[in-house]
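Everything below concerns the one structure shown next.
Read-outs throughout are calculated quantities, based only on the coordinates presented, and are distinct from any laboratory measurement. These numbers come from a predicted model, not from an experiment. Here the Cβ positions follow ideal geometry from the backbone for every residue, glycine too, while neighbour counts run over all protein chains shown.
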Ligand code: PEP
């Protein structure tokens, strides 16, 4: 299956950075992988209007369609301005916004209701890895934060070890292989053979220098990229590696 590389801009970027998205978009004319950029909400509309090849994603949404929820945005509103992907359950939201597995599940269902694809993030902390709890944490997160209907069209899983996000630390190849293989096994046993085609992204300090090796690991179907997605030249190195690894 072709790879998906999604850039998570977090709370970075201003209107001038649409030019970076346009550079990435131009490059995507020539490559063989799916590319998405998830900028902050205020940039979504312009990013979508000014690009042709890449997809646009959002970083979170509310569980409801509308209502008295000051400061919130629904999945439907995000789709209306061009979002095709919506991140849910990023570890920064689990940690800083108290998003439990149950909230992540409700948000995933809201994304499905809107017609967008949910990129559901899961991953262990350093403490959990040291205590050899990685696979049980992943299992619990998938059991409790995935909706009852998961298909290759409505869901992408992002395996992001919390300790690898923004730290420059990357797990050993075997550790990534084991986690992705476990996630694939869970998906297929829970959702059936179709789940062989659900994309599983790796996220955590992916850069141009390590992308090729990460993309060669079995069941790594792409990457979720934070820091290295903010500069077009860095991100283009990663999407080039993904395109070459098909
Ligand atoms: C992320 O924020 O999802 C992420 C993977 O960040 P970074 O690539 O900077 O580690």
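This table checks each residue for (1) surrounded by fewer than 19 Cβ atoms within 10 Å (Cβ to Cβ); (2) part of a helix (DSSP H, G or I).
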{"position": "127", "(1), (2)": "yes, yes"}
{"position": "152", "(1), (2)": "yes, no"}
{"position": "158", "(1), (2)": "no, no"}
{"position": "171", "(1), (2)": "no, no"}
{"position": "180", "(1), (2)": "no, yes"}
{"position": "195", "(1), (2)": "no, yes"}
{"position": "211", "(1), (2)": "no, yes"}
{"position": "224", "(1), (2)": "no, no"}
{"position": "243", "(1), (2)": "no, yes"}
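In segment 178-219, what count of residues is obtained for those that are on the phi > 0 side of the Ramachandran plot and free of Cβ contacts under 8 Å to residues at least 40 places away in the same chain? Spell out the reasoning first.
Narrowing segment 178-219 to residues on the phi > 0 side of the Ramachandran plot: 192, 204-205, 219.
Then drop every residue that is not free of Cβ contacts under 8 Å to residues at least 40 places away in the same chain, which leaves 192.
Selection size over segment 178-219: 1.
Within segment 116-125, track down each residue that is in a strand (DSSP E or B) and within 14 Å of the ligand (Cβ to nearest atom).
The initial filter retains those residues of segment 116-125 that are in a strand (DSSP E or B), namely 117-122.
Of everything in segment 116-125, those that are in a strand (DSSP E or B) and within 14 Å of the ligand (Cβ to nearest atom) turn out to be 119, 120, 121, 122.
So which residues in segment 142-167 are touching a strand residue (DSSP E or B) at 6+ places or on another chain (Cβ under 9 Å), closer than 12 Å to residue 89 by Cβ and within 15 Å of the ligand (Cβ to nearest atom), if there are any at all?
The answer is 156, 157, 158, 159, 160.
Look at segment 203-246 and say how many of its residues are near the ligand (Cβ under 9 Å from one of its atoms) and either closer than 17 Å to residue 169 by Cβ or out of contact with any strand residue (DSSP E or B) (no Cβ under 8 Å at 6 or more places or on another chain) (or both).
11
Determine if segment 61-84 includes at least one residue that is within 14 Å of the ligand (Cβ to nearest atom), within 19 Å of the chain's Cα centre (by Cα) and touching a residue at least 24 places away in the same chain (Cβ under 8 Å). Give the derivation first.
From segment 61-84, those within 14 Å of the ligand (Cβ to nearest atom) are none; that's our starting set.
There is no residue in segment 61-84 that is within 14 Å of the ligand (Cβ to nearest atom), within 19 Å of the chain's Cα centre (by Cα) and touching a residue at least 24 places away in the same chain (Cβ under 8 Å).
For a quick check of your reading of the model, give me the residue pairs whose first member lies in segment 125-148 and is in contact (Cβ under 8 Å) with a residue 12 or more places away in the chain and on the phi < 0 side of the Ramachandran plot, whose second is exposed (fewer than 12 other Cβ atoms within 10 Å of the Cβ) and assigned to a helix (DSSP H, G or I), with beta-carbon atoms closer than 7 Å and at least 6 apart or on different chains.
Close Cβ pairs (under 7 Å, with a partner that is exposed (fewer than 12 other Cβ atoms within 10 Å of the Cβ) and assigned to a helix (DSSP H, G or I)) amount to 144/102.
Name the one entry in 211, 228, 223 that is more than 13 Å from residue 7 (Cα to Cα) and within 18 Å of the chain's Cα centre (by Cα).
Working: 228 fails: more than 13 Å from residue 7 (Cα to Cα); 223 fails: more than 13 Å from residue 7 (Cα to Cα).
The match here is 211.
What are the pairs, 6+ residues apart or on separate chains, where a residue within segment 85-96 that is under 10 Å from residue 122 (Cβ atoms) and in contact (Cβ under 8 Å) with a residue 12 or more places away in the chain has its Cβ under 7 Å from a residue that is away from the ligand (no atom under 11 Å from the Cβ) and in a helix (DSSP H, G or I)?
Taking only residues 6 or more apart or on different chains, the pairs are 89/104; 89/145.
Quick check on my filter: what residues within segment 64-103 are surrounded by 19 or more Cβ atoms within 10 Å (Cβ to Cβ) and over 28 Å from residue 21 (Cα atoms)?
Of everything in segment 64-103, just one residue is surrounded by 19 or more Cβ atoms within 10 Å (Cβ to Cβ) and over 28 Å from residue 21 (Cα atoms), namely 99.
Report whether or not residue 193 is more than 18 Å from the chain's Cα centre (by Cα) and within 22 Å of residue 89 (Cβ to Cβ).
Values: more than 18 Å from the chain's Cα centre (by Cα): yes; within 22 Å of residue 89 (Cβ to Cβ): no.
Spelling it out, it is not the case that residue 193 is more than 18 Å from the chain's Cα centre (by Cα) and within 22 Å of residue 89 (Cβ to Cβ).
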